[in-house]
1. Report the dimensions of region 5-65 along its three principal axes from the alpha-carbon atoms, largest first, rounded to Å.
2. Expressed in nm to one decimal, what extension gain is obtained for the pair residue 34 and residue 171 from 0.36 nm per residue of sequence separation less their Cα-Cα distance?
3. By how many nm would the segment from residue 60 to residue 130 lengthen if fully extended, with 0.36 nm per residue of separation less the alpha-carbon distance?
4. Scan region 7-68 for trypsin sites (Lys or Arg not before Pro) in coil per DSSP, keeping those whose Cβ has at most 15 other Cβ atoms within 10 Å, and list them by number.
5. Considering only DSSP beta bridges whose two residues both sit in the chain, what percent are antiparallel, to the nearest 5?
6. Per DSSP helix of 4 or more residues, -39500 (n - 2.57); summed, then divided by the residues of the chain. What does that give at 222 nm, rounded to the nearest 500?
7. So if a site counts as exposed when it's one of the chymotrypsin sites (Phe, Trp or Tyr not before Pro), its DSSP state isn't H, G, I, E or B, and it has at most 13 other Cβ atoms within 10 Å, what's the longest stretch of the chain without one?
8. How would 30, 69 line up from fewest to most surrounding beta-carbon atoms within 10 angstrom?
Amino acid sequence: MIIRKRISQAAEKSGRLSENIKLIAVGKTHKTEEILEARNAGQLIFAENYVQELKQKAEALAGSKIEWHFIGHLQRNKVKYIVPFARCIHSLDSIKLAEEIDKRFKSPIDCLIEVNLAGEESKTGISEDEVPNLIEAIKNLDKINLIGLMTMPPYDENPEKSRPYFKKLCKLLKKINEQKLYQKELKELSMGMSEDFEIAIEEGSTMLRIGTAIFGERVYK
Ligand SMILES: *Cc1c(COP(=O)(O)O)cnc(C)c1O
């Protein structure tokens, strides 16, 4: 995949090791066959935004040894459907959701807190100010294994516009670790999509969520 080459070039440019940057293939709207094709080309981690789509694809591809992540807005009443499949949730955004995840999962699941840094009304995620409170609540939930933070900057055709948000998320992660808000160090920064992943790598991303640059344009029905 060309994308892997671009990742290693961007990593090298910023003096980072590409093995510390996970590529997550975002398959929303794309067919199961396309996912399988990418799997056969060596891609291991895939993500979906919608519960139904995750369930359908994970069931159809059972046995393909895919690691599934959930990255979309997660409604509390849908948590139970992803329990058998999801290995990581990038979109934790409330105490109530955390409690539901804690209740439904039988073993700890990796989670990232989604932070809405631009304060966009239309976006999911919590504000930066609310993060410490959520972490405090999560501490007592033993099925939640907090590993980091996720963000999605406002869309702009100029990818450089994402950079301040990536910097901000990285700074927030450092602050959380310095102040020891959680019982262990948070290591993951889920940031960077098709248009801006090279900038995200320069700013410390450890998890890239890439759809279009792998599967092509999405067609919504
Ligand atoms: C769709 C989506 C992506 C991937 O976007 P592309 O621009 O196609 O790479 C990443 N993260 C989230 C949360 C998404 O919804």
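1. Reported extents, whole Å, longest axis first: 40, 22, 16.
2. So the extension gain works out to 45.7 nm.
3. Details: separation 70, 0.36 × 70 = 25.20 nm, distance 3.81 nm.
So the chain would gain 21.4 nm between residue 60 and residue 130.
4. Working: sites: 13, 16, 22, 28, 31, 39, 55, 57, 65; in loops: 16, 28, 31, 65.
The qualifying sites are 31, 65.
5. On the way: 0 of 27 bridges.
Antiparallel: roughly 0 percent of the beta bridges in the chain.
6. Values: 9 runs with 79 residues, N = 221.
Mean residue ellipticity at 222 nm (helix-derived): -10000 deg cm²/dmol.
7. Values: sites that count: 155, 220.
Longest gap between qualifying sites, sites excluded: 1-154.
8. Numbers: 30 23, 69 26.
Sorted ascending by nearby Cβ count, the order is 30, 69.
All of the numbers you see were taken from the coordinates with simple rules; none came from a lab. From a predicted model like this one, the values you see are computed outputs, not experimental measurements. Quick reminder, even Gly has a Cβ in these numbers, built from the backbone with ideal geometry, and neighbours come from all protein chains shown.
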